[in-house]
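Here is the structure we will look at, set down as structure tokens.
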Amino acid sequence: MKAILMDEETPVYASIEDNTISIATIHKGEEIELGKVIQKKRKSWVEVNLGGERMGYITGDTKIFAIRKATVMNPSVDVKEAAADDAPVIKTLTKGSVLTVCGVEKPEGGTDWFKVRDEAEVEGFVPTSTKLRVVPELSQSNAIRNLVTGLIFAAIGVFFAVSNNSSSSGSSMIWISYAVIFFGLLQFGQGAYEYMQIVKKKKKDQ
């Protein structure tokens, strides 16, 4: 999962052992790739990818903002140049537009704003009152789960379809068997699509 650091800065440690030393410092606004969360001696640590195979750890109380993709649900929304009502409008997005929400700005005495980036890599700000629907994050485990689940349902459907065809009393159940096969194929197709998207993204990031 990607996130934005909200603290002014935080050290990255080589390990979670006592008396470990800092190997890097992350500053406010930097994007980081997070890994698994580890608990040790009532203290939590979060794995951080520092690039390539280089890994480190930050404390679990570090303030971060999880980067999420979202779909605009309002009929339209203005993307502002700054986090202010009177800031110039960069562009206007319509319902269905996809944004990457990568932070929150909280001006003193004003309303909160999301820092966003659209698919054309244009960055700006929209009010936090904007109606957004989070796009589920693709993961290899979810893709594999959909593939396996789809195959299982398809196999069950085929089994019952064959059984009903060979039975004189099962003609009314054949359509249910076909529905189960169809559902399984849809699930398998979804998993295959997600897996291909993940592979494509990995190649792009390399």
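The values are calculated or read from the model by the stated rules, or taken from the named source; none is laboratory data. These numbers come from a predicted model, not from an experiment. Ideal geometry is used to build each Cβ from the backbone, glycine not excepted, and the neighbour counts take in all protein chains shown.
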Output yes when any residue across the range 132-139 is at pLDDT 90 or above and farther than 30 Å from LEU186 by Cα, and no when none is. no
For the range 5-63, what are the residues that are within 27 Å of PHE114 (Cβ to Cβ) and among the acidic types (Asp, Glu)? ASP7, GLU8, GLU9, GLU30, GLU31, GLU33, GLU47, ASP61
May I ask you to verify whether PRO88 is surrounded by fewer than 16 Cβ atoms within 10 Å (Cβ to Cβ) and closer than 27 Å to PRO136 by Cα? no
When you scan the range 110-120, do you find a residue that is in a strand (DSSP E or B) and exposed (fewer than 13 other Cβ atoms within 10 Å of the Cβ), even just one? no
Exclusive hit being modelled with pLDDT of 85 or more and in contact with a Cys (Cβ under 8 Å, 6 or more places away or on another chain), set ILE23, ILE67, ILE16, ILE90: ILE67
Confirm whether VAL101 is over 22 Å from GLN190 (Cα atoms) and surrounded by 13 or more Cβ atoms within 10 Å (Cβ to Cβ). yes
Hey, GLU47 surrounded by 13 or more Cβ atoms within 10 Å (Cβ to Cβ) and within 28 Å of PRO136 (Cβ to Cβ) or not: yes
So, VAL48, is that one in contact with a Phe, Trp or Tyr (Cβ under 7 Å, 6 or more places away or on another chain), over 29 Å from SER129 (Cα atoms) and of a type in the set (Val, Ile, Thr) or not? yes
Within the range 3-20, which residues are under 15 Å from MET55 (Cβ atoms) and either hydrophobic (A, V, I, L, M, F, W, C) or not assigned by TED's automatic domain parsing to the domain that holds GLY56 (or both)? VAL12, ALA14, ILE16
Total residues in the range 22-71, condition under 19 Å from the mean Cα position of the chain (by Cα), outside any strand (DSSP E or B) and touching a residue at least 40 places away in the same chain (Cβ under 8 Å): 3
Just to be sure before I move on: is SER129 surrounded by 14 or more Cβ atoms within 10 Å (Cβ to Cβ), modelled with pLDDT of 85 or more and not hydrophobic (A, V, I, L, M, F, W, C) in the structure I sent? no
Please name all residue pairs, on different chains or six or more residues apart, with Cβ atoms under 6 Å, provided the first residue is in the range 72-97 and is small (Gly, Ala, Ser) and the second residue is at pLDDT below 90 and surrounded by 15 or more Cβ atoms within 10 Å (Cβ to Cβ). ALA83/GLU105
